[in-house]
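The values are calculated or read from the model by the stated rules, or taken from the named source; none is laboratory data. As the structure is a computational prediction, the values presented were derived from the model and not from experiment. So basically every Cβ, Gly included, is an ideal-geometry build from the backbone, and we count neighbours across all protein chains shown. These accessible areas exclude ligands, DNA and RNA; they are computed on the full protein's heavy atoms, side chains included. Shrake-Rupley method; radii C 1.70, N 1.55, O 1.52, S 1.80 Å.
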Amino acid sequence: MDYLSDALNADEEIERESVINLFAESIFKLSVFMGINKSLKDAICLIQTAIEKQVKNVYEKDKILSLKKALALIKDNILMDEETLDKCFDILEDARFDLNAPLAG
């Protein structure tokens, strides 16, 4: 989440995207927590899907904020239920992340 805060504070787009690249590399390390419960696994996969699909696009501040919100929700709800998972989905969907990317083509 520190990477996301740094990205929000970056004045230049190149600096922001560099920090986001570091964030994207680190987010895949969350896979070690996927065995805790199904909803947490699904939430982590949502974040990873959002990041993977966004890789070729510039991050707008609203997308960075939504990632930060979704990660905060996950952090505070490790043993999450379906309702919390739905909130994560809604946060990312409202920011216009393509969460259906794995189903494309």
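Scanning the stretch 72-105 for residues that are at pLDDT below 90 and either on the phi > 0 side of the Ramachandran plot or in contact with a strand residue (DSSP E or B) (Cβ under 6 Å, 6 or more places away or on another chain) (or both) gives a single hit, 105.
Inside the stretch 13-33, can you point out the residues that are modelled with pLDDT under 90 and touching a Leu at 6+ places or on another chain (Cβ under 7 Å)? Residue satisfying the conditions is 33 alone.
Restricting the first residue to the stretch 70-82 and requiring it to be within 17 Å of residue 2 (Cβ to Cβ) and among the aliphatic types (A, V, I, L, M), which pairs with a second residue that is assigned to a loop (DSSP other than H, G, I, E, B) and open to solvent by 70 Å² or more (accessible area, probe 1.4 Å) meet a Cβ separation below 8 Å and a spacing of at least six or different chains? Short answer, once both residue conditions are applied: 71/1; 72/1.
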